[in-house]
1. Report, to two decimal places, the Cα Rg of chain A normalised by 2.2 N^0.38 Å (N = number of residues).
2. Output needed for the protein assembly as shown: three equivalent-ellipsoid semi-axes, defined as square roots of 5 times the C-alpha gyration tensor eigenvalues, in descending order, whole Å.
3. Show me the three semi-axes of the equivalent ellipsoid for the range A:122-279, from the C-alpha gyration tensor (sqrt of 5 times each eigenvalue), largest first, rounded to whole Å.
4. Among B:K163/B:K248; A:K197/B:K248; B:K30/B:K132, which pairs are too far apart, with a Cα-Cα distance over 25 Å?
5. Report the chymotrypsin sites (Phe, Trp or Tyr not before Pro) located in the range B:214-319 that are in a DSSP loop and have at most 10 other Cβ atoms inside 10 Å of their Cβ, or state none.
6. Whole percent per 10 Å bin, from 0 to the bin with the longest distance: what is P(r) over all C-alpha pairs of the range A:6-112?
7. Provide Rg and Dmax in Å for the range B:1-170, with only Cα atoms included in the calculation.
8. In whole Å, largest first, what are the principal axis extents of the Cα atoms in the range A:122-195?
Amino acid sequence: MKFRVERDVLADAVAWAARSLPVRPSVPVLAGLLIETTDDGLVLSTFDYETSARATLPADVTDEGRALVSGRLLADICRSLPNKPVEMTIDGAKVSLTCGSARFSLQTMPVEEYPALPEMPAATGTVNSDVFAAAVAQAVVAAGRDDMLPVLTGVRLEIEGASISLLATDRFRLSHRELSWEPGVTDASAAALVPAKVLADTAKSLTAGSQVTIALSTSGAGEGIIGFEGSAGGGVRRTTTRLLDGEFPKVRTLFPTEHLTLARVDKASLVESVKRVSLVAERNTAVQLAFSDGVLTLDAGSGDEAQASESIEASVEGDDITTGFNPQFLLDGLTAIEAPVVELAFTQASKPAVMAGARSMDADADLAFRYLLMPRRLLS
Amino acid sequence: MRADPTILHVDLDAFFAAVEQRDKPSLRGKPVVVGGVGGRGVVATASYEARAFGVRSAMSTAEARSRCPHAAFLTGRFDAYREVSGTVMRLLRELSPLVEPLSLDEAFVDLAAAGLDDVSVAGVTEVARRLKRDLHEATGGLHGSVGIGTSKLVAKIASDLEKPDGLVVVPPGTERDLLRPMRVTVIPGVGPATAERLRRVGVHTVAELERISEDELVRVVGQAHGKGLYRMARADDDRPVVAEREAKSVSVEDTYDTDLVDRRLLEGLLDRQAAKVTERLRKARLSGRTVTVKVRLHDFSTHTRSLTLAAPTDNTRTVARLARTLIAEVDTSGGVRLLGVGVSGLADWIQEDLFGDTEEAADTADEPLAEEAIARVTRGRPWSPGMDVEHATHGPGWVWGSGRGRVTVRFETAETRPGPVKTFSTDDPDLVPRPRGRYDVPPDTPEAGVPEAGVPEAGVAAPDDATPL
């Protein structure tokens, strides 16, 4: 194995592939990053039996071959190299890396013990990479982080013809994002439960090219995988991950069909206010929101402890309402909304509120993204 | 430090043992030890008669037995103690609205809030004398030791000076003279570790501590502790009396007679403790964000693991689920002797669940197999020594001892003279446990057994008050 490659191209691809390296590998070789040279150039891969990453990049290949080296070490080295072409060759049990006058010699790991990466399933369709990244970033906000409830650590991805729905919930809030895409066949219909963390990382990292290809295979019993492919650095980046097992709860019906109060607030002002009043909250206190004619009053803190209160302008239609939320959950929803105005729809103080964005105080709400948040219940 | 001696500290003398002696006439004047009577029990309280034999609180019951084999070893009746404590705290609140209970048998009272005309040494001495008399009457014969001073530090030290049944008022201006000859361990916060550090720099008494500069003290015992200690050594203590000390955590823990290894059994026990903790939380209208599991292993090493939730909860299943996750982080293969679950980061609201409370019901479906094992581990002795019982023909009494299928009962109550002892079969249908509140309380006493607000319940730990009973 011998090749020569541009430093920036290599560093970027190595950093991308190294993202999915396991922190505590179950088998030592899984800490490795596989370097392969082929006619088409250079291929870098990592795999932890759940998630695989594979990057191709242009390189001057002199000798074909493969080598497995510590992924983290290689990533650290590449990040710090001077901006000069990089040459790598295999040299017995070592890989030598030269860049300008810097030389490294890396131990190799037994490449024959490295597991084969899963096949990328057949493409199901393509989606605009920026739209996809933004939509995923909104959806994952509500995903659970508790490994004891694995189903809720996933994002439910539903494909129905030309639209994709993303749903996530940690039982306390629920995010729902709709986006359109170009399916391979017009009557495409499929559903998958994708680990939220992998989905978020992947969508964010594939924005260099204009399109992302989604490839879903759910034919096997429980052994489904999903693949994402985009382009970057003159090559192709491809991630596959194993789908989560289990039944995602039926959540669409949780959105109330009507509302008794509809409030609109400038999003940035509300975010600032929530952050300010929750300073007194020591992370254990809820923030109370009271909507009445034209005014939203925020309160936090209680009894003899520190208290804070602030009022901001709001347009309120319907009944006055006073309710309260976990400040962090409220902020998560507000910051996920991209539009400058946020619309909050309430039925009762004890029932979940629906948040959505709007371009202006008068424009229709953009229902492509909705965030459903369960309020706090006071115990005394 | 105040100008007048207006902080009163009261400490009930040998509290649990005194209640036992009150309710069990045959034990009056005899050594009584209240605590765990199992193989691993420790002494909670020893009567003064038992203390004469060297029995002390926190000593293992086994050691207490060897020092004082003829003492009555009782398991304790916490309902009765709580009831007496409630009576005492009510008395203190009649004296001043500002009462800070430290535990069931100890409290600070702020006399500055009592509206007294005379806060001279003579004036407060008279107040204390009346309080001691009222306390003795209201509790049916218990004694409390009272200390009064210009600060909490001095009041607490003073109440200990003439125990039992003591009364010491430290006149303003004499505080430092009082403290100087005392060992540094009289200062709150100076435990064995700090005392040892001070000993290495030649400090044993408060007088010696006083001679050390603040900078040097900070070097020896650390920044936060050093500054406080420097002031305490000069009797400079302006900590206020705080009513209604808020609980910082709610927890339960249990010690087991054998080391437990079976993972499913441990999880079953954690589930039960989670249920107990969340029940207490709900009663107190509280919720919490942080769940902590405490594990003491066969080798006495103690491990705590905790996890913080995104939002506070009082949900049993959530706490149980986290507790199970946490214990998985501890290697319990060598056996567990103590297990506990606690919830902290307390709040007064909970984050509601979008799905209602129906979700995780299936989680615990595989449990019945462990039920029997759990029952075996947690079952108390059916007739524990000291417990109140009632016999169909012989009337009320208390369990004197049991074993080999027999149970021995002494038939007496607080109002009777020492009574006779009779032995029955443990499954005698005529013998039943006697609920608290009969025979022990005059009929016109309102609602016995409800802990007074502000008295920390066993397990609801307030700061400085974590001593498990």
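1. Numbers: Rg = 24.7 Å, N = 380, 2.2 N^0.38 = 21.0 Å.
For chain A, the normalised Cα radius of gyration is 1.17.
2. Details: eigenvalues 805, 216, 192 Å².
Semi-axes, largest first: 63, 33, 31 Å.
3. 28, 20, 16
4. Details: B:K163/B:K248 31 Å; A:K197/B:K248 35 Å; B:K30/B:K132 23 Å.
Correct reply: B:K163/B:K248; A:K197/B:K248.
5. Numbers: sites: B:Y230, B:Y256, B:F300; in loops: B:F300.
Counting only loop positions with at most 10 other Cβ atoms within 10 Å, the chymotrypsin sites (Phe, Trp or Tyr not before Pro) in the range B:214-319 are B:F300.
6. 15, 52, 30, 3
7. Reported Rg and Dmax, both Å: 16.8, 55.
8. 37, 21, 17
Bear in mind these aren't lab numbers, they're just calculated from the coordinates by the rules spelled out. Small disclaimer: the values here were computed from a predicted structure and weren't measured. All Cβ positions, glycine included, derive from the backbone under ideal geometry; neighbour counts span all protein chains shown.
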